[in-house]
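Asks: Please find one structure pasted underneath; my questions will follow.
Bear in mind these aren't lab numbers, they're just calculated from the coordinates by the rules spelled out. Computed from a prediction, not measured in an experiment: that's the story for all the values here. FYI the Cβ positions are ideal-geometry reconstructions off the backbone, even for glycines, and counts take in every protein chain you see.
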Amino acid sequence: MGKVLAITNRKGGTGKSTTSISLWAGLARLGKKVLIIDADSQHSATVSLFLYFLTEKNSGAGMTGGRI
Ligand SMILES: Nc1ncnc2c1ncn2[C@@H]1O[C@H](COP(=O)(O)OP(=O)(O)OP(=O)(O)O)[C@@H](O)[C@H]1O
Ligand SMILES: [Mg+2]
């Protein structure tokens, strides 16, 4: 059974996106499958992950083996 984690805070700029990406990275390193649902209209988590996967794909290394 999966677990749902929600990173929320009414105040802006308090590290919600950073915490989400850090949690994803840590859980991925433990071999967990993680789905990030980016409900932010600024889509900063999506941009961060897109840039990460672009870099990882070019380097041929990393946590997901270059799979998107
Ligand atoms: N643990 C931390 N220590 C220092 N700086 C941090 C930490 N977490 C986040 N930051 C910095 O704080 C800023 C805001 O972080 P982030 O974008 O994750 O916040 P947010 O809550 O998602 O913002 P928004 O409400 O605009 O979506 C960024 O510059 C980020 O690098
Ligand atoms: Mg954010």
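Asks: Tell me, what is the FRET efficiency for A25 and L54 to the nearest 0.05, using R0 = 22 angstrom and their Cβ-Cβ distance as r? Present the calculation step by step, with values, prior to reporting the outcome.
Replies: Working: r = 16 Å, r/R0 = 0.72.
My answer for the efficiency is 0.90.
Asks: May I pose another question? Highest mean first, how do 16-24, 40-48, 2-10, 28-36 rank when packing is the count of other Cβ atoms within 10 Å averaged over residues?
Replies: Numbers: 16-24: 16.8, 40-48: 13.4, 2-10: 8.4, 28-36: 10.2.
Result, highest mean Cβ count within 10 Å first: 16-24, 40-48, 28-36, 2-10.
Asks: Within the set of other residues whose C-beta is less than 12 Å from the C-beta of W24, count the net charge using Lys and Arg as +1 and Asp and Glu as -1. Intermediate values should be presented prior to the final figure.
Replies: Values: positive: R29, K32, K33; negative: D38.
Here the count lands on +2.
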